[in-house]
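What follows is a single structure, written as structure tokens, with notes after it.
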Amino acid sequence: MEDPNLATYASMQATAIGPADVLGQNLQALTQILNLQQQMLDRQQDWLQHSLASFKMPKMTKDDDLEAYIEAFKWHALMTRLDKRYWASQLGTLVVGKAQATYRALSRDDTQDYEHVKEAIL
């Protein structure tokens, strides 16, 4: 009597993968990698484009009124069409003194929310 496992193994046919199949799979994988890299590059360029506009905003000085500065920042951000996702981080880089210390003490999540940052530093 023949071993049933051996019979099953003997009846299986090996699927041959030809060079064209291997090349096709490699090409597909490389295409996916390139698409992901392009998406990452697009996001980086988008961030850079929006963040560069805010750097034209002068850094706050110790003599500036904080409320007035934040209002000017808001109008500048609106006029330059800075994506609101970047407002909190940009404001955090421009304030000085106690406002800067308060910003730096915030949690990473809190530094992503403009309204929270604004309330905290005021």
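Candidates in the stretch 72-106 are the residues that are at pLDDT 95 or above and loosely packed, with under 12 Cβ neighbours inside 10 Å; of these, the one that is farthest from the chain's Cα centre (by Cα) is Lys98. Count of the stretch 38-71 residues, restricted to those that are at pLDDT 90 or above and in a helix (DSSP H, G or I), is 9. Taking the conditions (1) in contact with a Gly (Cβ under 8 Å, 6 or more places away or on another chain); (2) in contact (Cβ under 8 Å) with a residue 24 or more places away in the chain in turn, Tyr103 satisfies each one other than (2).
The values are calculated or read from the model by the stated rules, or taken from the named source; none is laboratory data. Everything quoted here is computed from the prediction, not taken from an experiment. Please note: Cβ atoms are built from the backbone with ideal geometry, for glycine as well, and neighbour counts cover all protein chains shown.
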